[in-house]
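Asks: Take a look at the following structure, please.
The values are calculated or read from the model by the stated rules, or taken from the named source; none is laboratory data. The model shown is predicted, which means the values in this text are computed figures rather than measured ones. In this analysis, Cβ positions are derived from the backbone assuming ideal geometry, glycine residues included, and neighbour counts consider all displayed protein chains.
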Amino acid sequence: MASTRQTTEPLGTEPLGIAVISPDDYRRSLAIRALDGFPHGRIREFISYPPDVDSVTRVLKESFDVVIIDLDSDPEYTLNLVEKICADGATNIIVYSERVDSGLMLRCLRAGAREFLHTPITPVAMTDALARAWARRAEPQHQAVIEEEIVEEQRDGRLFVFLSAKGGSGVTTLACSYALALAEQSGKRTLLIDLNFPLGDAGLNLGVKSTYSTVNALENATRLDAHFLSTLLVQHSSSLWVLCAPTEMTSFHPSDEAIKILLNVALQDFEFVVIDAGSRSDLPATQHFDPSVTIYLVTQVGIPELRNANRFIKRLPTERGPELEVVVNRFDSGVQGIDEEQVAKALTRPIRWKIPNDYAAVRQMQNSAIPLTKEDTPIARAILEITASVSGVAPAPVKKKKSSSFFSF
């Protein structure tokens, strides 16, 4: 059974068709009360779950722009209903629940739900969710298949990719320190994505733990949007957001298209996106990075590293390719027996940044999760110099801090 009521329509526009489904009077009333803050909808209440999922989903998709479903009365049935409605349809699903269960929330989003609201639902939260549904209704329906040209136009952020010429070059340490410093210097929304499979250490270096990982984003790339991505992130105390790599060994191999979607979604929501790409030398070629992207190629002064760096540089496009900046890590002038001029000759381009060799500072950072840039050291000053070239903000003087350890009692 169902009842219908209508809220005020905005002048000259069609109101949203909204279905509220719950067999529980109290839980249904929670959604209805929250809808009082949204004056532009035609609301229909369903006081029971539809008995035949397959037959009712066609009606829901054709008749309603938004379907608001109570999860708690029957979670498994709700998930099945959400998946059926979302298959080949443009209907926006809002699921609500009193449970604080991140696993269940992720299952709803994977099934296709656009929003997950916790009860009690405030009118502000409901209005914000419906405003996003309103905006999506105005978009062309063919955007289910994202055209690269459209996505590129929507990019607002800047992308910085840290890539290692050879494993063990310290790319993760530099990417993490850079991202933290950039977030703090600029004050802008900054995201670090760990694409260093199969086991990335960005979360460990930063001292953050996350239930979800880059794999969760890439496995659900076709349903990924800014809201879904936000549920997978963890925030560092510095304000930096992080999408961690899996904590367990994985054999997952993401497609090029999945990575492209992830990066595009991230760049729509963050002003700076930093990638720890490890030694994924194929990444720039598969993603077709344009001149707005900066690649920091991290190498060391050694024959194997320089050879690999040279090979990578030769593969980059000479026109309309990404900006490349060579970073020599653990640089110790004259000690390795190869001078700076020889390095530049081997790489066919000059060294842009030199990071001093400071094993003790890096080891302390790894054991304590205190960022390198919190200590006044040569390595900290070098990293802050790189980020200042992007943020345009001169690095503030760094005060000495007493270190602590994960292993202290």
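Asks: Under the condition of being at pLDDT 85 or above and farther than 15 Å from residue 278 by Cα, which residue from segment 238-254 is surrounded by the fewest Cβ atoms within 10 Å (Cβ to Cβ)?
Replies: This residue is 239.
Asks: Please give the number of the condition residue 43 fails out of (1) assigned to a helix (DSSP H, G or I); (2) touching a Gly at 6+ places or on another chain (Cβ under 9 Å).
Replies: Only one criterion is unmet by residue 43, namely (1).
Asks: Also, quick follow-up: Looking at this structure, is residue 276 of a type in the set (Asp, Glu) and within 24 Å of residue 245 (Cα to Cα)?
Replies: Answer is yes for this residue.
Asks: Here's a follow-up. Given 121, 94, 69, which one is surrounded by 17 or more Cβ atoms within 10 Å (Cβ to Cβ), out of contact with any Asp or Glu (no Cβ under 8 Å at 6 or more places or on another chain), β-branched (Val, Ile, Thr) and in a strand (DSSP E or B)?
Replies: Answer to the check: 69.
Asks: Scan segment 218-257 residue by residue and report those that are among the charged types (D, E, K, R) and farther than 24 Å from residue 116 by Cβ.
Replies: 248, 256, 257
Asks: For segment 272-314, enumerate the residues that are surrounded by fewer than 17 Cβ atoms within 10 Å (Cβ to Cβ), over 14 Å from residue 349 (Cα atoms) and modelled with pLDDT of 80 or more.
Replies: Passing the criteria: 290, 291, 292, 303, 304.
Asks: Please find, among 131, 175, the residue that is closer than 26 Å to residue 378 by Cβ and at pLDDT 80 or above.
Replies: Going through 131, 175 in turn, the sole match is 175.
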